[in-house]
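Below is one structure, written out as structure tokens, with a few remarks after it.
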There are 2 protein chains.
Amino acid sequence: MKPKLYVVKIGGNIIDNSEALRSFLTSFAALKGNKILLHGGGKIATQVAEKLGIPTEMVEGRRITDHAMLDVVTMVYGGLVNKNIVATLQSLNSNAIGLTGADAGLIRAHKRPVNDKVDPVIDYGFVGDIDAVNGKQLTAFLKNKLLPIIAPLTFDPTLGVMLNTNADTMASAVAVGLSEFYDVNLVYCFEKNGVLLDADNDDTVIPVLTPELYATCKTAGAIYKGMIPKLDNAFAALRNGVAEVTICHADQLGLALTKKTAGTKLTLG
Amino acid sequence: MKPKLYVVKIGGNIIDNSEALRSFLTSFAALKGNKILLHGGGKIATQVAEKLGIPTEMVEGRRITDHAMLDVVTMVYGGLVNKNIVATLQSLNSNAIGLTGADAGLIRAHKRPVNDKVDPVIDYGFVGDIDAVNGKQLTAFLKNKLLPIIAPLTFDPTLGVMLNTNADTMASAVAVGLSEFYDVNLVYCFEKNGVLLDADNDDTVIPVLTPELYATCKTAGAIYKGMIPKLDNAFAALRNGVAEVTICHADQLGLALTKKTAGTKLTLG
């Protein structure tokens, strides 16, 4: 039997709120067993960019990353956000190590090709699509009792440049990449109580979501917008070897994972 | 006999010049054997701070680091500078891993106490004085064929905050901390050819500097200003177990270390 591993992703809204973040990190530090944290960037990159006079442009919720914006996300995600999480976890006696995809060649990617099939043409700039996750190196860190904290940045090993990458996608890729070595529970933590039947009512958590129920909820319009790529990603992870996917509130990590009394569990049925 | 290790520090002026930095990293990647790189911050932090409207205040060449400035140096040193070095080295087939003192609890420090014995009182703010280097963890990385690239940031393990720390001092502390496990050559690379008898003439390199010659040069006024803390640091490292200290031009790393035909070698005589 493979050892268990939690691959936890913490979303941007929590990152932006230092009290909520600290509270989440305290629960995360208390979680026993092998674990990896992936964090989003939050609004800090947009705020820093604005102060530096660099305009933020989003297409379908994704940040267009020109050279100046790449510098900003490398600073903010890889430096400010990542290192403050590491320092907080260290003070909670967790042996955190902050990493990006470039460090130890962990997550290789390539620059997303320009989409010239649409008008106007979409060029995301320095955005990375993941090619490979170095599961052996992450396993070596875990065996060495280190707690990897991964920022949403990958790199192109040929060009030697950093690339901006969606944190949900990275979490999914890391979970799949480690499923060869571990029985992985991929956990998405955010500001809602789970996958909701009514997006405006936090008391309507769906405890178990199958692909069939997901399809029904989409048809009925109950699940929509940003939840769709997140859930598509999550079901894809299950189909690619991840043992379990949990979606829960950042405040309910312990309840969702150890007591199983909170959040939504995804299953292939 | 202990294995050999190079602890190399690359200074700010080289960091500021992307071509000089790339050229240095190419020589560094080609250097055979165990090695660790510590980098300075350069002027980028000052430039970013200025654009963000945060004033830079220096006392005796050291940056006063209030909370806003701590965010800037955490972003710039730990994010932008560190990750761009890592991505470049990865493209040169060096398995670089970017780290700060907080990562894996590598370099613990405490906030420098306010100096109230002077008038006006000096409060450096979030500046760290080093307490301990985790030589075992750095050794584990090296044995794992990883190349540590360390940014000039430490952390306070009790407060859980990052701290700004002088890169020369960090290089010296890392070299001393690893001298238990390795025969360490501490190498300071900068924009001059070595320790010069005449600071304005790059052809006046002192090939071997003993404490006696150093004292004579100071008395004669040939060595002054910023070189004095650097050399005091370097001689202290030799007295604390470091086998060799080399000071050389960033362009002459290979010549200084493998051919021994460039730079200044410090010896206790």
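Screening A:Ala236, A:Ala171, A:Ala243, A:Ala167 for residues that are in contact with a His (Cβ under 8 Å, 6 or more places away or on another chain) and of a type in the set (A, V, I, L, M, F, W, C) leaves exactly one candidate, A:Ala167. Among what's in segment A:45-71 and is hydrophobic (A, V, I, L, M, F, W, C) and within 9 Å of chain B (Cβ to nearest Cβ), pick the residue that is farthest from B:Ile107 (Cα to Cα). Applying the filter and picking the extreme gives A:Leu52. Only one entry of B:Gly263, B:Gly226 meets the criterion of being of a type in the set (Gly, Ala, Ser), touching a residue at least 12 places away in the same chain (Cβ under 8 Å) and in contact with a strand residue (DSSP E or B) (Cβ under 7 Å, 6 or more places away or on another chain), and that entry is B:Gly263.
In the set (1) surrounded by fewer than 24 Cβ atoms within 10 Å (Cβ to Cβ); (2) of a type in the set (D, E, K, R); (3) without any contact (Cβ under 8 Å) to a residue 24 or more places away in the chain; (4) farther than 18 Å from A:Val133 by Cβ, A:Arg63 fails one condition alone, (3).
The single condition from (1) touching a strand residue (DSSP E or B) at 6+ places or on another chain (Cβ under 6 Å); (2) more than 7 Å from chain B (Cβ to nearest Cβ); (3) among the charged types (D, E, K, R) that A:Lys83 fails is (2). Considering segment B:113-136, and only residues there that are within 19 Å of the chain's Cα centre (by Cα) and either free of Cβ contacts under 8 Å to residues at least 40 places away in the same chain or assigned to a strand (DSSP E or B) (or both), the residue that is nearest to B:Gly61 (Cα to Cα) turns out to be B:Val127. Only residues that are among the hydrophobic types (A, V, I, L, M, F, W, C), touching a Lys or Arg at 6+ places or on another chain (Cβ under 9 Å) and farther than 17 Å from A:Met75 by Cβ were counted across segment A:128-160, and they come to 6.
In segment B:10-29, is there at least one residue being in contact with a Phe, Trp or Tyr (Cβ under 8 Å, 6 or more places away or on another chain), among the polar types (S, T, N, Q), part of a helix (DSSP H, G or I) and modelled with pLDDT under 95? Looking for residues that are in contact with a Phe, Trp or Tyr (Cβ under 8 Å, 6 or more places away or on another chain), among the polar types (S, T, N, Q), part of a helix (DSSP H, G or I) and modelled with pLDDT under 95, one finds at least one in segment B:10-29, hence yes. So, in segment A:150-197, how many residues would count as being touching a residue at least 60 places away in the same chain (Cβ under 8 Å), among the hydroxyl-bearing types (Ser, Thr, Tyr) and farther than 19 Å from A:Arg239 by Cβ? The qualifying residues number 1. Which residues, taken from segment B:161-181, are in contact with a Lys or Arg (Cβ under 9 Å, 6 or more places away or on another chain) and surrounded by fewer than 24 Cβ atoms within 10 Å (Cβ to Cβ)? Correct list: B:Val161, B:Asn166, B:Ala167, B:Asp168, B:Ser179, B:Glu180, B:Phe181.
Listed here are the residues, each with its yes/no results for (1) within 22 Å of B:Leu5 (Cβ to Cβ); (2) assigned to a helix (DSSP H, G or I).
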| residue | (1), (2) |
| --- | --- |
| B:Val174 | yes, yes |
| B:Gly177 | yes, yes |
| B:Asp200 | no, no |
| B:Ile223 | no, no |
| B:Pro229 | no, yes |
| B:Gly254 | yes, yes |
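Considering every residue within segment A:8-21, establish whether at least one is among the small types (Gly, Ala, Ser), more than 10 Å from chain B (Cβ to nearest Cβ), free of Cβ contacts under 8 Å to residues at least 24 places away in the same chain and out of contact with any helix residue (DSSP H, G or I) (no Cβ under 8 Å at 6 or more places or on another chain). Yes, that holds for at least one residue.
Rundown of residues vs (1) over 15 Å from the mean Cα position of the chain (by Cα); (2) surrounded by fewer than 15 Cβ atoms within 10 Å (Cβ to Cβ), yes/no style:
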| residue | (1), (2) |
| --- | --- |
| A:Ala215 | yes, yes |
| A:Ala234 | no, no |
| A:Glu244 | yes, no |
| A:Asp251 | yes, no |
| A:Gly254 | yes, no |
| A:Leu268 | yes, yes |
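Of the residues making up segment A:49-64, none is among the basic types (Lys, Arg) and either part of a loop (DSSP other than H, G, I, E, B) or at positive phi (or both).
Select from segment A:30-41 the residues that are on the phi < 0 side of the Ramachandran plot and either assigned to a loop (DSSP other than H, G, I, E, B) or touching a strand residue (DSSP E or B) at 6+ places or on another chain (Cβ under 9 Å) (or both) and list them in ascending order. Answer for segment A:30-41, where residues must be on the phi < 0 side of the Ramachandran plot and either assigned to a loop (DSSP other than H, G, I, E, B) or touching a strand residue (DSSP E or B) at 6+ places or on another chain (Cβ under 9 Å) (or both): A:Leu31, A:Lys32, A:Asn34, A:Lys35, A:Ile36, A:Leu37, A:Leu38, A:His39, A:Gly40, A:Gly41.
Looking across segment A:86-104 at every residue that is free of Cβ contacts under 8 Å to residues at least 60 places away in the same chain and either assigned to a helix (DSSP H, G or I) or surrounded by fewer than 24 Cβ atoms within 10 Å (Cβ to Cβ) (or both), the one that is nearest to the other protein chains (Cβ to nearest Cβ) is identified as A:Ser91.
The values are calculated or read from the model by the stated rules, or taken from the named source; none is laboratory data. Computed from a predicted structure; not experimentally measured. We place every Cβ from the backbone using ideal geometry, glycine too, and count neighbours over all the protein chains shown.
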